[in-house]
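Undergrad: My structure is below; once you've seen it, I'll send some questions.
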Amino acid sequence: MHPPLPDEPSKRIASFLAHQRTCILSTTGGQGVWAMPVWYRPTSGSTEARSQEVDCLVPRWGDVAHHLAQDARVVLIVQASSGAGLRWLQVRGAARPVEAPDWGRLLPRWVSTLDPDALYLVVRVTPSRIDLIDEDLGWGVQATLEW
């Protein structure tokens with residue numbers, strides 16, 4: 001079990017994650033670096049570190065899905081979709097497959113006749129470090145959470 005997070009940075013980061021829907025997921029499985037845009041949703045959780053976990057929908061046809069099996073270490077880049085300056089999170093952590101995804105939460109407006117499990121691998125990313133970068137507040141890291 002992770003220790004509780006500091007209140008202010010934790011709340012800023014949780015709010016940031018809750019208001020975005022896409023990120024770039026990158027892994028180094030095998031040889032090379034593999035990255036692709038993916039949808040994500042924050043997991044529902046407590047006020048502890050687990051509340052910063054996110055579930056990512058990785059297309060099964062992408063190289064990233066294959067390479068995650070070889071190396072679970074990932075980096076997520078989540079850019080804010082609004083605001084005057086650039087703001088983003090850099091999340092470093094580990095990904096693990098979700099055995100029984102909650103498709104209603106992950107894809108609430110799913111209308112395809114295809115089973116989403118046939119198209120997407122869902123991985124839960126547990127962060128080991130999150131950096132918030134906000135150009136409106138000056139260049140550089142504005143908040144860091146590390147476990």
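Undergrad: Below 8 Å between Cα atoms, with a sequence gap of 6+, how large is the relative contact order for the range 82-147 in percent? Working shown, then result.
TA: Working: 84 pairs, mean separation 29.0, N = 66.
Across the range 82-147, relative contact order equals 44 percent.
Undergrad: For residue 102 and residue 79 in the same chain, what is the full-extension length gain: residue separation times 0.36 nm, less their Cα-Cα distance, in nm? Each step should come with its number before you reach the end.
TA: Values: separation 23, 0.36 × 23 = 8.28 nm, distance 2.46 nm.
Result for the pair: 5.8 nm of gain on full extension.
Undergrad: To the nearest 10 degrees, how steep is helix 7-18 against the longest Cα principal axis of the chain, on a 0 to 90 scale?
TA: 40 degrees
Undergrad: Calculated from the structure, volume of the Cα convex hull per residue in Å³ equals which of [x] 110; [y] 119; [z] 147?
TA: Read-out taken from this structure: [y].
Undergrad: Taking 0.36 nm per residue of separation and subtracting the Cα-Cα distance, what length does fully extending residue 144 through residue 86 add?
TA: Details: separation 58, 0.36 × 58 = 20.88 nm, distance 1.70 nm.
Contour length minus the Cα-Cα distance gives 19.2 nm.
Undergrad: What percent do you get for the relative contact order of the chain when only Cα pairs under 8 Å and 6+ apart count?
TA: Numbers: 288 pairs, mean separation 35.2, N = 147.
24 percent.
Read-outs throughout are calculated quantities, based only on the coordinates presented, and are distinct from any laboratory measurement. The model shown is predicted, which means the values in this text are computed figures rather than measured ones.
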